[in-house]
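Comments concern the structure below.
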Amino acid sequence: MNWDRIEGNWKQFKGKVKEQWGKLTEDDVDVIQGRRDQLVGKVQEKYGIAREEAERQVAEFLVRLDKAMSGRGAAVGRR
């Protein structure tokens, strides 16, 4: 899965983001609007971690989402 898909379907993924990073508020995820750099910044800010760590967490989140979606047939037609 690429980030463009998440950005384009942000409303569907907001809940997953809030599950992963419980310190993010509804307002935070609304401001993020699917932009990866905004998510990294908010994770960094709310959890008091280095940008590199926030980037790592977001990358791992993307991998887990991809695996979860693939298990439900969302990967059909993907190359």
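The numbers here are math on the coordinates, done by the rules we state, and not lab data. Predicted model only: the values in this text are computed from it and were never measured. Glycine also receives a Cβ, built like all others from the backbone with ideal geometry; neighbour counts cover every protein chain displayed.
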Environment charge at Glu7 (Cβ cut-off 12 Å; Lys +1, Arg +1, Asp -1, Glu -1): +3
Violating pairs (Cα-Cα greater than 22 angstrom) within the set Lys46/Lys67; Lys16/Lys42; Lys16/Lys67: Lys46/Lys67
Helical contribution to [θ] at 222 nm, DSSP H n ≥ 4, -39,500 (n - 2.57), averaged over the chain, rounded to 500: -21500 deg cm²/dmol
Degrees, to the nearest 10: 51-70 long Cα axis against longest axis of the chain: 30 degrees
Computed over the chain: relative contact order in percent, which uses C-alpha pairs under 8 Å that are six or more apart: 27 percent
Cβ-based charge dipole, the chain, positive-most Cα from Ile6, Ser70, Gly34: Ser70
Arg35 versus Trp3: modelled label distance in nm, points set 7 Å from Cα along the beta carbon direction: 1.1 nm
[x] 18.6; [y] 12.3; [z] 12.9, with the label sought being that of the calculated Kirkwood radius over Cα pairs in Å: [z]
